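I have placed the structure first, in the form of structure tokens, so that the comments after it can refer back to it.
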Amino acid sequence: MAQALEDHFQVMRLDNGARLVLDQRPHAASIAVGTWVMAGSRHEDCAQAGLAHALEHMAFKGSSQRSGEEIARAIDAVGGELDAYTSREATAFYAQILPEDLALGLDLVADLALRPRLDASDWQLEAEVICHEIAQTQDTPDDILFDYFQETCYPGHPLGRSILGSEASVQALSVDDFKRFRAAHYRPNNLIFAASGPLDMARLEDAVGPHLAALDTSGSTPIGANGPTERAGSEPLSVSLSEPLSEPLSEPLPELQPGRFLQARAMEQAQIVVGWPSVCQGDARSYAYVLLSHMLGYGGASHLFMDIRERRGLAYMVYASTQFFSDAGQIYVHASTASGQVPAYLDALQDLLLRLPSLLTEADLQRAKAQFRAGTLMARDSVTANVRALAHHLIWSEEPKRLAEILAQVEAVSLEEIKALAAGLAKRPALTAIAPEPALSALESWHAGL
């Protein structure tokens, strides 16, 4: 087990601020590589909602050296996978390939992240595709529910805006908007190049180098679990990305509001999510909130599952989870229940939450810690999961946390800490629901009475 807890990552900050991070997995059969840009939907202007996500889409339409079709054919030709996503605080482009295809994988990632062609005719077509995506999300209640939930929690704040934007805001975007956003945010201090698999830092540098011709590594010091490494004769890397880092966000800190959003739809089940403020990413208490969410509603032995589903039969799906941002966080409960059972579900949920501090036991806590530990260790079998985890750590800190440190912090959480956090769930939550018309009055009355 001690070997499983060993860290094999190295981090190198280049002179211009860009970072390389490598998770060495000598026995892995594949390599995952990617570029993370520390800019997401919260960095957009309000009138340009959806811009970061649209820019991610446009990257797949072609680069300065390949058409979109050529990008797709190139990754398919080697049996690899090429993907991207946009979150509220970052945009990622990544690939999983066999070790012998590392150069191609990085070349394709660089096509997407560093040299999209951003053609106006491509945007005219892709805007329609994104509008279809928005419409599809609107037609999927358990997808759009969480957009509404974010807006309920953070009304008027960038964290409350939809990542996709609206059809109107997307249609109003132009290629010039994409170029301005890239100029402001796709800069060295905002870039993380991450890899996981059977390679070393020297090979990663060599592979990244041709794409980053102006990124100077001279004097850069790698740091990581295995200590600093030096590379003799390191040559400067280069790209035309040497402008200073864009200005930091000047928005007010987000505070979760216990508001209410209800929408009537003709459907069988009511989709209901309630949430409370927690802490931001990197706060030591975030592990306690994760453990609380596990104890409350993760797995068949959790209190929500046993009470709401198994004992009362009030829902097929009910669970608790957490979400953390750089300056805010949430713990929430999501359930789907029949329209006629909404009042019974709400009463049962509130009863459980009021009693939760007294119900939680040391056995619950040990189960949650085992789930966290097992989930963390099993995720290490995936190079893609590893590279995403490392990049996410670097978005919020200078160096990824060592696994042993993470597990030690989790192990140190006490039942008394968990119970204190659980007591906060008795307060009025933010409530968001999409439900048949007859259920709305019960939802409104319940929330107003808390």
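Values in this text are rule-based calculations from the coordinates and carry no lab data. Bear in mind that the values here come from a model prediction, so they are computed numbers and not experimental data. So basically every Cβ, Gly included, is an ideal-geometry build from the backbone, and we count neighbours across all protein chains shown.
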Checklist outcome for this item: Computed for region 398-450: size of charge dipole around the Cα centre, +1 on C-beta of each Lys and Arg, -1 on C-beta of each Asp and Glu, debye to nearest 20, value 180
Checklist entry - Residues of region 123-157 with amide nitrogen under 20 Å from the 7 Å Cα-to-Cβ point of Cys46? => result 147-157
Checklist entry - Quick one, which of (1) 108, 26, 17; (2) 40, 28, 19; (3) 51, 37, 18 is the actual semi-axes √(5λ) of the Cα gyration tensor in Å calculated for this model? => result (2)
Next on the checklist: Please arrange Met378, Met12 by how many other C-beta atoms lie within 10 Å of their C-beta, fewest to most.
Outcome noted: Met378, Met12
Item to check | Per-residue Cβ neighbour rank within 10 angstrom, fewest leading, Cys131, Cys46, Cys153 | outcome: Cys46, Cys131, Cys153
Next on the checklist: Suppose a student asked you for the relative contact order of the chain, using Cα pairs under 8 Å spaced at least 6 residues apart; what percent would you report?
Outcome noted: 21
Next on the checklist: From Cα pairs below 8 angstrom and at least 6 apart in sequence, can you work out the relative contact order of region 338-424, rounded to a whole percent?
Outcome noted: 50
Checklist entry - Between Ser64 and Gln124, how many nm apart are label points set 7 Å from Cα along the C-beta direction? => result 2.5
Item to check | Relative contact order (percent, whole number), region 46-191, Cα cutoff 8 Å, 6+ residue spacing | outcome: 34
Next on the checklist: Roughly how far apart, in whole Å, are the Cα centres of region 271-331 and region 386-450?
Outcome noted: 6
Checklist entry - What's the exposure ranking of Asp206, Asp351, going from fewest to most Cβ atoms within 10 Å? => result Asp351, Asp206
Next on the checklist: Take the residue pairs Lys61/Lys179; Lys401/Lys427; Lys369/Lys419 and return only those whose Cα atoms are more than 23 Å apart.
Outcome noted: Lys401/Lys427
Item to check | Within the chain, helix-based [θ] at 222 nm, where runs of 4 or more DSSP H residues each add -39,500 (n - 2.57), nearest 500 | outcome: -12500 deg cm²/dmol
